[in-house]
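**Student:** One structure follows; several queries about it will come next.
The values are calculated or read from the model by the stated rules, or taken from the named source; none is laboratory data. Given the structure is predicted, the values throughout are model-derived calculations rather than measurements. Counting neighbours? That spans all protein chains shown, and the Cβs are built from the backbone with ideal geometry, glycine included. These area figures cover heavy atoms from the full protein model, side chains too; ligands, DNA and RNA do not enter into them. Shrake-Rupley method; radii C 1.70, N 1.55, O 1.52, S 1.80 Å.
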Amino acid sequence: MERVAFDEPTDGPTAGVDRRGLSGPLATDGVAINRYRIPPGEGFPSGLHTHADQEEVFVVLDGTATFETLPGRDPDEPDGSNTARSGREVTVPAGEAVRFAPGEYQSGHNRGDDDLVALAIGAPRETTDVRVPVRCPDCGEADFALDAAGDALSFRCPACDAERVPAPCPDCGSDELTLRLDGDDALVAACDGCGATFDSPPFRD
């Protein structure tokens, strides 16, 4: 048996978000567990994404989590623009949990007035196929997978192996761009620096 307290020293804050990894201290083999304390206006790490090889469950202990959700793309869907994809928001209050299946896109935020405290649980523990909801412009067959193996983050197509490297925000030069839903629940690339939005993420030449 392994036992750990939630509020022992954490892995360090990121943009005010306090993350406590529990998988290591609990020596879990098949499940990843993290405890998050998220102040108002912040969110779980990363924008809209999915794990093609992992299901995720979020258990809200305090506060309210708001998740932007986007269904996985139908493999028989013809090649089309990313702006045609629309999602919705799901609010999960304390005492409730939500599950996202492999391939289902999500991004969580704290849009309330109090801290959000939640457990994020993923199974299996290790995930190697993280996708973003951007269809490959070369073959149109698949959404891009994140590739962090090189010196810089890039997107790679699992179908044709095409690669794209994200570019900074064209308006302000910030590297802090994420994929999210706009006010009409349409998919956009948004700059966390200046707030500009783009129909598709900018790439380096």
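**Student:** In square angstrom, what is the accessible area per residue of the stretch 102-181 with a 1.4 angstrom probe?
**Tutor:** On the way: 3920 Å² over 80 residues.
On a per-residue basis, 49 Å².
**Student:** Follow-up question, since we're still on this one. Under the rule of at least 5 residues apart or a separate chain, name every residue whose amide H is placed under 5 Å from the amide H of residue 65.
**Tutor:** Residues meeting the amide H criterion: 92.
**Student:** Amide H of residue 203 versus every other amide H placed in the peptide plane: which residues, excluding those fewer than 5 positions away on the same chain, fall under 5 Å?
**Tutor:** 167
**Student:** Can you list the HN-Hα couplings for the stretch 158-167, worked out from phi with the Karplus curve (6.51, -1.76, 1.60; θ = phi - 60°), rounded to whole Hz and with x for Gly and Pro?
**Tutor:** Result, rounded to whole Hz: x, 8, 10, 6, 4, 10, 9, 9, x, 9.
**Student:** Moving on to the next point. Assuming a ≥ b ≥ c are the square roots of the Cα gyration tensor eigenvalues, decide whether the stretch 106-205 counts as rounded (a/c under 1.5), prolate (otherwise, with a/b larger than b/c) or oblate. Each step should come with its number before you reach the end.
**Tutor:** On the way: a/c = 1.77, a/b = 1.17, b/c = 1.51.
Verdict is oblate for the stretch 106-205.
**Student:** Given only helices, namely DSSP H runs of n ≥ 4 each adding -39500 (n - 2.57), what is the per-residue ellipticity at 222 nm of the chain, to the nearest 500 deg cm²/dmol?
**Tutor:** Computed ellipticity for the chain at 222 nm equals -500 deg cm²/dmol.
**Student:** Would you work out if the chain is rounded, prolate or oblate? Take a ≥ b ≥ c from the square roots of the eigenvalues of the alpha-carbon gyration tensor; rounded if a/c is under 1.5, else prolate when a/b is larger than b/c, oblate otherwise. Present the calculation step by step, with values, prior to reporting the outcome.
**Tutor:** On the way: a/c = 1.68, a/b = 1.46, b/c = 1.15.
The shape class here is prolate.
**Student:** Here's something else I'd like to know. If the rule is a partner Cβ under 4.7 Å, which cysteines in the chain fail it?
**Tutor:** Lacking a cysteine Cβ partner under 4.7 Å: no cysteine of the chain.
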